[in-house]
Every structure is written in structure tokens, then in C-alpha cells.
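Report on one structure; see the data block that follows.
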Amino acid sequence: MGIVEDALCLKETNRIAVAPVITARRELFEELARANESRLKRFDGFLLHPAVFDSGWVYLPSKPSLQEPVQVMKNLDDYEELSALGPVEYALKVHKERDFIQDLKDRLKSAPGVVANFVDETASWGVANYCGAMGITPIGFISYYRGFNDTMKDMARDQRAVLNAAMDLAVEYPKFLVEFAKSCKVPRVWVSFANATPAMVGDYYFERIVWPSAKTMIERIIKEGAMPIIQFDEEVKNLKFLAQLPPKAFAVHVSGDSDPIRDAQSLSGHAAVLGNFKVPADQPEQERIRAVKEKLSINKVKNLIVSTEGGSPFIMTEHNLEKVGVFEPFFSGAQ
């Protein structure tokens with residue numbers, strides 16, 4: 001096991017793991033990674049093969065030319081079809097009928113092999129791969145197909161119907177996600193909490209619908225042998241609900257507006273926390289690095305992985321690889 005895998009499982013390491021999530025455009029990724037092998041090997045991880053994103057189209061009714069999901073579900077009756085077909089077959093049906101990703105079924109079959117081959121090729125680099133599948137909470141899934149505002153209205157109209165559909169997704173969705181991730185030889189599943197945080201839905205619906213279904217889904221991913229990486233794209237100041245999950249079996253990737261030290265302390269002994277730091281942009285680079293390293297030396301957190309923001313991987317191009325060098329100073333004297 002490398003330092004990233006040890007850190008994710010809360011095993012003792014001699015320093016804080018430094019793992020920016022690095023990806024690239026699909027047609028350039030492997031070539032760029034090979035060309036920059038020596039540079040990438042200076043980090044602990046993470047590489048994110050863009051073929052993994054194919055699994056994400058299951059929860060996203062859209063296509064690359066569209067910036068936002070397209071509302072597909074028109075009323076409460078559509079929840080029954082989603083439950084009957086299950087998340088993958090429902091997604092395939094929608095993508096075909098709406099002319100989104102027409103070859104999605106073929107992509108879902110071929111992408112894991114592409115990723116697995118790359119993982120095998122780079123195994124000797126000592127650089128971890130981030131995840132093998134991308135998913136979303138059941139309510140996040142529903143909100144992308146139904147629209148967030150209408151999903152909230154549905155919760156008020158018929159709380160039971162929404163919960164039933166969410167729980168159906170919580171049971172069926174993990175089967176696809178874990179199989180996809182394992183086929184990629186990266187048994188970690190990225191689970192987005194987009195449209196599903198307490199701040200977005202309110203404490204009442206979070207406690208009664210969002211979290212019960214998300215918890216069931218995450219626990220099933222764990223039971224099937226994969227590690228969920230729970231991702232927040234906005235700050236969640238109190239992560240105490242995550243302590244209900246099995247310890248050392250999941251990780252949390254926090255947003256850029258979060259305090260990763262605070263979050264790591266709140267989940268100490270329970271889960272690894274990945275995140276970046278809020279530092280004044282107008283300060284010289286060395287001053288910003290010094291400020292962060294000072295925070296780390298004062299706050300002895302052992303479950304923190306220095307990374308990029310939860311929802312914003314570093315997009316590698318042939319012109320910007322030197323920019324990830326900002327992470328290199330953390331390798332010495334970080335704790």
C-alpha cells in the first residue's frame with residue numbers, strides 16, 4: 001500500500017499525504033500523463049482517468065454541449081418509472097430518447113477496461129488513482145432529473161413518494177457503481193452531495209429523506225467492497241451525521257470554502273478528510289505555503305490529506321503542469 005491508501009484507511013504515516021486530483025481532456029490524458037511521469041511521481045496522487053466520468057452520465061441528463069441538466073421528470077408519477085427501471089436503465093432510456101449521450105451503453109461497457117489498462121500501466125509509479133466510479137446521492141440523482149425546485153415541492157406534496165424512490169435508488173444504484181469501480185481496478189466511488197446538503201434542502205428534509213437514503217446507499221457501497229469518497233461542493237460546517245457511517249471505511253472531500261483542519265478534527269479516528277486551504281491570494285506564494293504549513297504544525301491532524309478542492313480537479317494541459325508544483329513544499333516539514 002502507498003501513503004495515500006494508508007492515509008485513506010487512517011493507518012499511521014510519517015507525513016501528511018499530498019494528493020492533488022489531476023485529470024485532463026479525454027483524448028490527451030494518457031499521453032500527457034506518460035510525458036510527465038517524472039513530475040507526477042513526485043506526488044502521492046491522485047490521477048483521475050477521464051473515462052471514469054462516463055459513469056457520471058448515469059446521474060446527469062445532459063451532454064457536453066449543455067451546461068445544466070435537462071429536466072426530464074415532469075410529475076410525481078415519473079418516480080414510479082424511475083423505481084421500476086432502476087437508475088442505469090432509466091438513464092440509458094433518457095439519454096437515448098433525448099439525444100444526449102447516444103452511445104452511453106457502449107461507453108459503460110468499454111470505459112472500465114480503458115481505465116484498468118492505465119492503472120496497470122502506471123502501477124509502478126507509486127501514484128494513487130482517485131476513484132473508479134462517479135455517483136451522487138439518491139436525492140441528488142432525482143433533483144438532476146426532476147429539477148431541484150420541483151423536487152423540493154414534491155417533498156412537501158408527498159414526502160413518502162419521494163422517500164420511496166430515493167430508497168429504491170439507494171438499494172439499486174450501488175450495484176452499478178461498485179461493479180464499475182472494481183472493473184476499473186480502483187475500488188473507490190466518488191459520491192456527490194450536490195443538491196443534498198442541509199443548507200440546500202433544510203434540516204427537516206435532510207434528516208427525513210436525504211440522509212436516510214444517502215446513508216443506505218453509502219453503507220451498501222462499503223458492504224460491496226468499495227470505499228466511498230463523499231464530496232461536498234459547498235461548506236458543511238457540521239459533519240457529525242457522517243459519524244453514523246462505519247469508521248475508516250469512507251473518506252470526505254470538502255469544498256474550497258471549508259476548513260479542512262476543522263473537518264479533519266471533527267472526524268478524527270473516523271474518516272480521512274481531503275481538501276485545500278483558504279489562503280489570501282494576494283500574498284506571495286511562499287508566504288501562503290508558510291501559512292498553511294504553520295496551521296498544520298499547530299493543529300496535529302493525522303487524518304488530513306492535502307488535495308485540490310472536492311469538486312475541482314486540476315485539469316492538466318501541456319502548458320500548466322508546473323502549477324501543481326505548489327504542492328511540493330508540503331512533502332517536507334508538513335507535520
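The values are calculated or read from the model by the stated rules, or taken from the named source; none is laboratory data. Predicted model, so just to flag it, every value in this text is computed and none were measured. All Cβ positions, even for glycine, are placed from backbone atoms using ideal geometry, and neighbour counts span all protein chains on display. Quick note on the areas: whole protein, heavy atoms, side chains included, nothing else; ligands and nucleic acids left out. Shrake-Rupley method; radii C 1.70, N 1.55, O 1.52, S 1.80 Å.
With a ≥ b ≥ c the root eigenvalues of the C-alpha gyration tensor of the stretch 153-312, is it rounded (a/c under 1.5), prolate (a/b larger than b/c) or oblate?
Since a/c reaches 1.5 and a/b is larger than b/c, the shape of the stretch 153-312 is classed as prolate.
Once you have a ≥ b ≥ c as the square roots of the Cα gyration tensor eigenvalues for the stretch 162-203, tell me rounded if a/c is under 1.5, and otherwise prolate or oblate according to whether a/b is larger than b/c. It is oblate, given that a/c is not under 1.5 and a/b is not larger than b/c.
Shown are 318, 224, whose ranking by accessible area with a 1.4 Å probe and every protein chain present, most to least, is 318, 224.
Rolling a 1.4 Å sphere over the protein heavy atoms, what is the accessible area per residue of the chain, to the nearest Å²?
Accessible surface, normalised per residue, equals 44 Å².
In the structure shown, do any of 215/278; 93/182; 63/223; 109/175; 63/96 have a Cα-Cα gap over 23 Å, and if so which? Over 23 Å apart, Cα to Cα: 215/278; 93/182; 63/223.
Nearest 0.05, what FRET efficiency do residue 84 and residue 121 give at R0 = 30 Å with Cβ-Cβ as r? For residue 84 and residue 121, the calculated efficiency is 0.15.
Sequence-distant contacts, meaning Cα pairs under 8 Å at least 6 residues apart, place the relative contact order of the chain at 22 percent. For the chain, modelled as a GNM with alpha-carbon contacts under 10 angstrom, which of 255, 124, 110 fluctuates the most? For the chain, modelled as a Gaussian network with Cα springs under 10 Å, the answer is 124. Across the stretch 160-229, C-alpha contacts under 8 Å between residues 6 or more apart give a mean separation that, scaled by the residue count, equals a relative contact order of 48 percent.
Screening the chain for DSSP H helices whose Cα atoms reach 24 Å or more along their own axis and whose mean Kyte hydropathy is at least 1.6 gives nothing. Take the alpha-carbon centre of the stretch 172-239, take the same for the stretch 13-35, and report the distance between them in whole Å. If you average the Cα positions of each part, the centres end up 24 Å apart. Hey, quick one: spin label on residue 41, modelled 7 Å out along Cα-Cβ, who in the stretch 117-147 has an amide N within reach, i.e. under 12 Å? The answer is 122-127, whose backbone nitrogens lie closer than 12 Å to the label point. Taking the helices alone, the chain has a mean residue ellipticity at 222 nm of -12000 deg cm²/dmol, built from -39,500 (n - 2.57) per DSSP H run of at least 4 residues and averaged over all its residues. With one equal scatterer per alpha carbon and no solvent term, the Debye-computed log10 I(q)/I(0) for the stretch 77-127 at 0.18 1/Å reads -0.68. Counting only protein chain heavy atoms and rolling a 1.4 Å probe, the accessible areas of 233, 154 rank, largest first, as 233, 154.
For the stretch 95-232, the relative contact order works out to 33 percent when only alpha carbon pairs closer than 8 Å and six or more residues apart are counted. Between 223, 215, 153, find the one with the highest GNM mean-square fluctuation for the chain; connect C-alpha pairs within less than 10 Å. Sorting by GNM fluctuation, first place goes to 153. A simple spin-label model places pseudo-atoms 7 Å from Cα toward Cβ; at residue 179 and residue 98 they are separated by 2.3 nm. Expressed as a whole percent, the accessible surface of the chain that belongs to carbon and sulfur atoms is 48, based on a 1.4 Å probe. Here the chain carries DSSP beta bridges of which approximately 5% are antiparallel, counting only pairs with both residues inside. Overall form of the stretch 1-59: oblate. Here a/c, set by the Cα gyration tensor axes a ≥ b ≥ c, is 1.5 or more, and a/b is not larger than b/c.
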